[in-house]
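Shown next, in structure tokens, is the structure this report addresses.
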Amino acid sequence: MSTELDLSVASANIQAAPVKAPTQTANEMAAKKAAKEFESVFISEFMGQMFEGISTDGEFGGGEGEAMFRPLLLDEYSKQLTAQGGFGLSQAVTRQLLQAQEGPNDRAKSKN
């Protein structure tokens, strides 16, 4: 009974919340930083798939320790790759973030 009440209260809160349109940012650096972080996570996941099939056992393997710390190593690899230019994904993401935050008047001006 209390679950039904909780759900009805939650749905009422959701329906009452106003939907906000994206606001334009004056800080292009914040968009660039978010795009670089996104690219770093993308590269980390990409590399994680590459290293997934590599065994950590064997003569020169690191065993459980290597398996445990491999994600941290891949995160650092991805940060270094992104700092050196990465895959070029961050420029496209930055452009799309800024474009999504433009108003209709700003889009018309940029097309001219």
### Summary
Residue span E59 to A30: 0.36 nm per residue of separation minus Cα-Cα distance leaves a gain in nm of 5.8 nm
### Message
Which chymotrypsin sites (Phe, Trp or Tyr not before Pro) in segment 63-102 sit in a loop by DSSP (not H, G, I, E or B) and have at most 14 other Cβ atoms within 10 Å of their own Cβ?
### Response
F87
### Query
Going by how many other beta carbons lie within 10 Å of each one, how would you line up M47, M68, fewest first?
M68, M47
#### Entry: Simple spin-label estimate for F51 and Q99 in nanometres, 7 Å along Cα-Cβ
3.4 nm
### For segment 36-51, Karplus couplings with θ = phi - 60° (6.51, -1.76, 1.60), whole Hz, Gly/Pro x
5, 5, 4, 5, 4, 5, 4, 5, 4, 5, 4, 5, x, 5, 5, 8
### Query
For segment 25-111, rounded, prolate or oblate, judged on the Cα gyration tensor with a ≥ b ≥ c (square roots of eigenvalues), a/c < 1.5 rounded, else prolate if a/b > b/c?
prolate
#### Entry: Pairwise label distance in nanometres, F87 with F38, each label 7 Å out on the Cα-Cβ vector
1.3 nm
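Read-outs throughout are calculated quantities, based only on the coordinates presented, and are distinct from any laboratory measurement. Just so we're clear, the structure is a prediction, and the values are computed from it rather than from any experiment. Ideal geometry is used to build each Cβ from the backbone, glycine not excepted, and the neighbour counts take in all protein chains shown.
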